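Asker: Here it is: the structure, laid out below.
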Amino acid sequence: MNLQAVRSIYIFEMARAGRTLLQSLISPVISTSLYFVVFGAAIGSRIQEVEGVSYGAFIVPGLIMLMLLTQSVSNASFGIFFPKFTGTIYEMLSAPISYFEIVLGYVGAAASKSAILGLVILVTANFFVDLHILHPFMMLLFLLLTALTFSLLGFIIGIWADSFEKLQLVPLLIITPLTFLGGSFYAIDMLPPFWQTVTLANPVVYLVSGFRWSFYGISDVSIVASLVMIGVFLAASLAVISWIFRTGYRLRP
């Protein structure tokens, strides 16, 4: 494996995040803080507890997952789209570096940035509510697996998109709505029976539920189902990326 090439891509992408610190770190933290103020204070004053957990603490895993999904997709998609947009990706494809090493560099950097952001938001949440993480190892596992999986999805979107407008299409119209409707701010059993069944068709429900279980030991679906769903996402993303490089989809002029 060409570790020097992977390291170069990784360091370049991480350095780009450092140059845009306001957009990549500070802005998401401020947005999350506003969610705490609006939902935690305004709605939390009316909903005291959800399944034995204060409402302000209950929404913390959902808020972290919301930022984690959107930022993972955005970081990875822009990371690979920009060299494709400028044409420098063809130099990379002709260099002595494998497709696996290219994906490892870009996706590794995107997942690292998203995971760091998730941990920063977790620390920020402690200023608003009292948090007690029941299963810290599982919390980190969910955090890293979700960041990795959706960074792979973002990499696919970056290859597929041929304009900056398409780059934002999936995160804005699909990922964010699914996360809001995936139990980020409420428990599924608070819904009528029909909508509970409909909601279970939303794959993000399993991610949010599993992540919340790692905090409080409560979930809308089983922890096994949550892990299986992440595994399915991960396998599907890897299969699509393998197909992209095998066929040259949107990579060959």
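Results for (1) more than 21 Å from Pro177 (Cα to Cα); (2) among the charged types (D, E, K, R); (3) modelled with pLDDT under 85, shown as yes or no for each residue.
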| position | (1), (2), (3) |
| --- | --- |
| Lys84 | yes, yes, no |
| Met92 | yes, no, no |
| Phe100 | yes, no, no |
| Val103 | yes, no, no |
| Ser114 | no, no, no |
| Val120 | yes, no, no |
| Ile133 | yes, no, no |
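Asker: Inside region 9-107, counting only helices (runs of 4 or more DSSP H) that do not spill past its ends, which hold 1 or more residues that are in contact with a Leu (Cβ under 9 Å, 6 or more places away or on another chain) and polar (S, T, N, Q)?
Answerer: The helices (runs of 4 or more DSSP H) meeting that bar are 27-35, 60-86.
Asker: Also: Only one residue in Phe194, Phe215, Phe185 is aromatic (Phe, Trp, Tyr) and free of Cβ contacts under 8 Å to residues at least 24 places away in the same chain, so which one is that? Let's see the steps before the verdict.
Answerer: Working: Phe215 fails: free of Cβ contacts under 8 Å to residues at least 24 places away in the same chain; Phe185 fails: free of Cβ contacts under 8 Å to residues at least 24 places away in the same chain.
Residue meeting the stated conditions: Phe194.
Asker: Would you point out the residue of region 168-186, among those that are under 24 Å from Ala57 (Cβ atoms) and out of contact with any Ser or Thr (no Cβ under 9 Å at 6 or more places or on another chain), that is surrounded by the fewest Cβ atoms within 10 Å (Cβ to Cβ)?
Answerer: Phe180
Asker: Taking into account only those residues within region 223-253 that are surrounded by 16 or more Cβ atoms within 10 Å (Cβ to Cβ) and farther than 30 Å from Ser209 by Cα, which is modelled with the lowest pLDDT?
Answerer: Here the answer is Phe245.
The values are calculated or read from the model by the stated rules, or taken from the named source; none is laboratory data. Predicted model only: the values in this text are computed from it and were never measured. Every residue, glycine as well, gets a Cβ built from its backbone with ideal geometry; the counts of neighbours run over all protein chains shown.
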